[in-house]
Amino acid sequence: MPEAPDAVETLRREIEAETIESEEEAEAFRIAYLGRKRGKIGALFDRIPDLDPEARPAFGKAVNALQDDAQAKLEAARERLADEEGDALPELDLTLPGRPPAPAGSLHPLVETLDEVSGIFERFGFSVAEGPEIEDDWHNFGALNFPPDHPARDMQDTFFLEKHENDESDERLDVVLRTHTSPMQIRVMEEGEPPFRVVVPGRVYRNEALSYKSYCLFYQVEGLYVDEGVSMGHLKQTLALFARSFFGDDVRTRFRPSYFPFTEPSAEMDVWWETADGAGQWMEILGCGMVHPNVLEHAGVDPEQYTGYAFGMGIDRVTMLRHDITDIRTLYENDVRFLRQF
Ligand code: DAH
């Protein structure tokens, strides 16, 4: 065994000769030289009691210095390794999960259905028009062949508005929240020349008791096609094609005779709706018919020369069918927990 001072020198040279090129080598270095129990520097400290008392302070100091140097060498190596590792890492960690996109809004299910229904008729060659929600009595009722005291007016519980010619006048003008989109049939025909082929999506209002199936406002899409030689056959064909486009090729539809003052003959179209338990029922989705000659005349179209068909579809109903919605009021409450599903 070398003399004690020589032993420090020998170990110093050994330590200086060490190279540390990896985390594993750094750990091996620490255990070999600086380990509390079996490290080589610790072994030198263990020799102190065997030395001459005068020699102990100098020796202890030398071993302490060696321990500090070894510790410094280890720390420098670890820092260098950490830097190198940092450099070697790709700038972009492709394994990180992506950042979720900012939440985007979505269309209300009613708007989605309105757009889709209008879009299908646009592809059939119809144009799209919109009209006023505040209507005069003539366009909402009179021109559509509702006589003043005809019970058909009762079919549509109406919100009447008060409107006066001017501030002094007591005379009330008959103005209503439109009860259907049909007044746009009149406005479209008043403003142009046949042929007319148009759909009118829009909001309508009725003074009804609120329940799961009726609300004070709802949406319709009106359709009107007027030209020479338009027949009931055209009407049925177009609506059947619409139903296939909207509900799918296997949809079942039927027409039932009905009554509306502004069409003759009149019908309603039902679609067969299968419920989850395998049962099913016919659901009415629209009213339709051949435009009444009086209506054409009221709108300035010659009923001797032209015929036309019209239809009015309940958008809430088809939206509810589609999404299995059982209460119409949920469409108007704007509860985000409901809306987020779409
Ligand atoms: N306007 C009718 C309603 O709201 C629906 C309707 C029926 C529209 C027949 C039409 C039609 O254009 O021809 O109940």
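The values are calculated or read from the model by the stated rules, or taken from the named source; none is laboratory data. None of these values were measured; they are calculated from a predicted model. Methodologically, a virtual Cβ is constructed for each residue, glycine included, from the backbone with ideal geometry; neighbour enumeration extends over all protein chains shown.
Report, by residue number, each residue of the stretch 279-289 that is surrounded by fewer than 18 Cβ atoms within 10 Å (Cβ to Cβ) and either within 11 Å of the ligand (Cβ to nearest atom) or within 29 Å of W138 (Cα to Cα) (or both).
Of the residues in the stretch 279-289, the ones surrounded by fewer than 18 Cβ atoms within 10 Å (Cβ to Cβ) are 279-284.
Hit for the stretch 279-289 is E284, nothing else.
Being within 16 Å of the ligand (Cβ to nearest atom) and small (G, A, S) is the filter here; which residues of the stretch 300-328 pass it? Listed by number, the residues that qualify are G308, A310, G312, G314.
Among the candidates Q237, Q220, single out the residue that is under 25 Å from E297 (Cβ atoms) and not hydrophobic (A, V, I, L, M, F, W, C).
Values: Q237 fails: under 25 Å from E297 (Cβ atoms).
Result: Q220 is the single residue among Q237, Q220 that is under 25 Å from E297 (Cβ atoms) and not hydrophobic (A, V, I, L, M, F, W, C).
Scanning the stretch 34-63 for residues that are exposed (fewer than 14 other Cβ atoms within 10 Å of the Cβ) and assigned to a helix (DSSP H, G or I) turns up D46, P49, D50, P57, A58, K61.
Residue-wise test of (1) under 20 Å from F121 (Cα atoms); (2) in contact with a Lys or Arg (Cβ under 9 Å, 6 or more places away or on another chain).
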{"residue": "E284", "(1), (2)": "yes, yes"}
{"residue": "V295", "(1), (2)": "no, no"}
{"residue": "V301", "(1), (2)": "no, no"}
{"residue": "F311", "(1), (2)": "yes, no"}
{"residue": "R322", "(1), (2)": "yes, no"}
{"residue": "T330", "(1), (2)": "no, no"}
{"residue": "N334", "(1), (2)": "no, no"}
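Take the conditions surrounded by 12 or more Cβ atoms within 10 Å (Cβ to Cβ), at pLDDT below 95 and away from the ligand (no atom under 16 Å from the Cβ) and apply them to L331. Does it pass?
Working: surrounded by 12 or more Cβ atoms within 10 Å (Cβ to Cβ): yes; at pLDDT below 95: no; away from the ligand (no atom under 16 Å from the Cβ): yes.
Spelling it out, it is not the case that L331 is surrounded by 12 or more Cβ atoms within 10 Å (Cβ to Cβ), at pLDDT below 95 and away from the ligand (no atom under 16 Å from the Cβ).
Taking the numbered list (1) farther than 30 Å from L161 by Cβ; (2) within 12 Å of the ligand (Cβ to nearest atom) in turn, D227 passes all entries but (2). Working only within the stretch 297-313, note down all residues that are within 13 Å of V199 (Cα to Cα) and among the small types (G, A, S). The answer is A310, G312.
When only residues in the stretch 171-185 that are more than 11 Å from the ligand (Cβ to nearest atom) and outside any loop (DSSP other than H, G, I, E, B) count, which is modelled with the lowest pLDDT?
Here is the first cut: in the stretch 171-185, the residues more than 11 Å from the ligand (Cβ to nearest atom) are 171-177.
Then drop every residue that is not outside any loop (DSSP other than H, G, I, E, B), which leaves 172-177.
Numbers: R172: 65, L173: 69, D174: 80, V175: 89, V176: 90, L177: 94.
Among those residues, the one meeting the criterion is R172.
Taken over the stretch 230-260, the residue count meeting the criterion of being part of a loop (DSSP other than H, G, I, E, B) and within 14 Å of the ligand (Cβ to nearest atom) is 1.
Conditions (1) without any contact (Cβ under 8 Å) to a residue 24 or more places away in the chain; (2) within 30 Å of the chain's Cα centre (by Cα), marked per residue:
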site: E222; (1), (2): no, yes
site: D227; (1), (2): no, no
site: M232; (1), (2): no, no
site: Q237; (1), (2): yes, no
site: F246; (1), (2): no, yes
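Considering the stretch 262-278, the residues that are crowded, with 19+ Cβ neighbours inside 10 Å and under 19 Å from S245 (Cβ atoms) include one that is modelled with the lowest pLDDT, namely V271. What's the total number of residues in the stretch 307-339 that are more than 18 Å from the chain's Cα centre (by Cα) and either over 15 Å from P201 (Cβ atoms) or aliphatic (A, V, I, L, M) (or both)? Residues in the stretch 307-339 being more than 18 Å from the chain's Cα centre (by Cα) and either over 15 Å from P201 (Cβ atoms) or aliphatic (A, V, I, L, M) (or both): 12 in total.
Restricting attention to the stretch 79-128, the residues that are exposed (fewer than 10 other Cβ atoms within 10 Å of the Cβ) and more than 30 Å from T181 (Cα to Cα) add up to 19. Filtered by the rule that a residue be among the β-branched types (V, I, T) and part of a strand (DSSP E or B), the stretch 265-316 gives V271, I285, V291, T307.
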